[in-house]
Amino acid sequence: MNRIEDDLKAALRRKPAPPGFAAKVFDCVGASSVRKATNKHFLSSQFGLAAAAMLILAIGLGIVSYRRHIEVRNEAALQRTLMALSIAAEQLDKAEKKAFEPKRWEQIGQYLQNIPIQTEKNRP
C-alpha cells in the first residue's frame, strides 16, 4: 500500500510548466476570447453591484415610507383624541351650567318641601 501512495504522491507533485506553455495556451484559446471573458466578468460584477445598490435603496425608501406612515397615523390619532377631549369639555360645561342654575335649585327645594316627612308615628 505504501508503494501505491508513493506513486500517487509522485504523480501529484507540483512540476514547473515547460517554457512557452502560456504562449501555446493563448494561441489555442485566443487572446481575444480571454479578454471577452474578462470583460464579461467585469460587467457581471458591475451588474451585481448595481443590483445591490438598488436593493439597498429600495429598502431605505421602504423604511422611510413606513416611518412617515406611522407618523401620519399617530398625528391623525392625536387630532381625533383632541377633538374628543374638546367635545367632552363642552358637554361637561353644559352639564355644569345646568346643574348650578339657581332656578333649578329652587325647583328642587320646592319639590322637597312638598314631600311629606314620615316619622315612626305616621308609618302604617
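The values are calculated or read from the model by the stated rules, or taken from the named source; none is laboratory data. This is a predicted model, so every value here is computed, not measured. Note that each Cβ is placed from the backbone with ideal geometry, even for glycine, and that neighbours are counted across all protein chains shown.
Here are the numbers for this structure:
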{"item": "Enumeration of residues in region 77-91 that are within 33 Å of the chain's Cα centre (by Cα) and of a type in the set (G, A, S)", "result": "A77, A84"}
{"item": "Among residues of region 5-20, those that are in a helix (DSSP H, G or I) and among the basic types (K, R), counted", "result": "1"}
{"item": "Flag if V34 is surrounded by 10 or more Cβ atoms within 10 Å (Cβ to Cβ), in a helix (DSSP H, G or I) and either at pLDDT 70 or above or among the basic types (K, R) (or both)", "result": "no"}
{"item": "Counted residues, region 90-108 - those being of a type in the set (G, A, S) and surrounded by 10 or more Cβ atoms within 10 Å (Cβ to Cβ)", "result": "1"}
